[in-house]
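In what follows, a structure is listed as structure tokens, so that the remarks can point back to it.
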Amino acid sequence: MGDFFLSFLLGIVEGLTEFLPVSSTAHLRLAEQLMQISLADGFWKMYTIVIQLGAILCLPVYFWNRILGMLSTFPRGERGDRTWLTHPLSLVMLAFVCTAGPAFLMTKIIGKHLESLSIIGMSLFVGGIVMYLVDRYFSQPAPTQHMEEMSLFQAVWIGFCQVLSAVFPGTSRSMSTIAAGQLSGMTREAALEFSFFLSIPTMAAATLYDLYKSLKPGAEAGLATVVMDAHNWITLGIGFVVSFVVAYFAVKWFMGWVREHGLAPFAAYRIVLGLAVLAWVMTHPLPAVQ
């Protein structure tokens, strides 16, 4: 399979799964396993980081008017009842700190788990069950209808719950934040919107930190070992653009879907895929791709 076509496929996988509650990490890891991509190859390690940046970039573009509106109403908020501490932008940053602190302290544990298909399969399966139960029993009506009504407790709670997605690949950032939001009394729509806004600093920080680690002298399979030629630049550009475009339309579609439907189909998909991955691991005990 040619690198250009492979990059196109991986860009689609990243763009489709980054903001849906199905775990982009799990899908990229499974795709890399199926396509026999070497996880020790410096270029492909860099590639997975860069296409994540493409997906991240779609959020400020998609929510540009919403972001400008929030900035213009800081700190009083759209309804004039917020403070510098309870404004939606402040709550997003508070939740980010609650995620980033513990995640940074557990960096070694996170790195150890990232390539484990067993953990990915179990996380997909358990996360699917949790998602179904939460969406079934903690759905509308909910007291918190909009992000502008969120409390400090809800932001802190969601931030800490998002740590699970960093420690256990396959959990999904959006799944953990949406489920945590619903458990704390938010509607699906409010929890989903907060999940998207929280993704911007969280994913940007995680991705830039990965780039920093790869750029450090002596980093194993780091960017310093990558020799970029025209072929590699084109491969990288294809993945970046495709992930951005696909992620943009995935976010647009998902926002509309959640308003009209529940999350049960995504929960069912996670359960089936998780069981399939666990069955594969048990019947094909392959080592992680080196």
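Each reported figure results from applying straightforward, stated rules to the coordinates on display, with no laboratory input. Because the structure is predicted, anything quoted here is derived from the model rather than measured. In this analysis, Cβ positions are derived from the backbone assuming ideal geometry, glycine residues included, and neighbour counts consider all displayed protein chains.
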Farthest positive-ward along the chain dipole, Cα basis, beta-carbon charges - from 31, 242, 60: 60
query: Given the Cα-Cα distance of residue 106 and residue 268 and 0.36 nm per residue of separation, how much length would full extension add, in nm?
result: 55.3 nm
task: Taking the chain as the reference, fit the longest principal axis to its C-alpha atoms, fit the long axis of helix 173-183 to the helix C-alpha atoms, and give the angle between the two in degrees, 0 to 90, nearest 10.
output: 30
message: Please list, by residue number, everything in region 122-164 whose backbone N is under 12 Å from a paramagnetic label point 7 Å out along Cα→Cβ of residue 83.
response: 152
query: Fully extended, how many nm does the chain gain between residue 72 and residue 209 (0.36 nm per residue separation, minus their Cα-Cα distance)?
result: 46.3 nm
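Compute the semi-axes of the equivalent ellipsoid of the chain, taking the square root of 5 times each eigenvalue of the Cα gyration tensor, and list them largest first in whole Å. Don't skip to the answer; put the middle values down first.
Details: eigenvalues 199, 98, 61 Å².
Largest first, the chain gives 32, 22, 17 Å.
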query: Where is the GNM fluctuation largest for the chain (alpha-carbon springs, 10 angstrom cutoff): 181, 101, 15?
result: 101
field: Cβ-placed point charges (K, R +1; D, E -1), dipole of the chain about Cα centre in debye, nearest 20
entry: 380
- prompt: Once you list every other residue whose beta carbon is under 13 Å from the beta carbon of residue 135, what net charge do they have if Lys and Arg are +1 and Asp and Glu are -1?
  reply: +2
field: In Hz, Karplus ³J(HN,Hα) per residue of region 197-206 (6.51, -1.76, 1.60; θ = phi - 60°; x = Gly, Pro)
entry: 5, 5, 5, 4, x, 5, 5, 5, 5, 5
field: Per-pair calculated FRET efficiency, R0 = 45 Å: residue 228 and residue 260 via Cβ, rounded to 0.05
entry: 0.50
- line: In degrees rounded to 10, the 0-90 angle between helix 264-283 Cα long axis and the longest Cα principal axis of the chain is 30
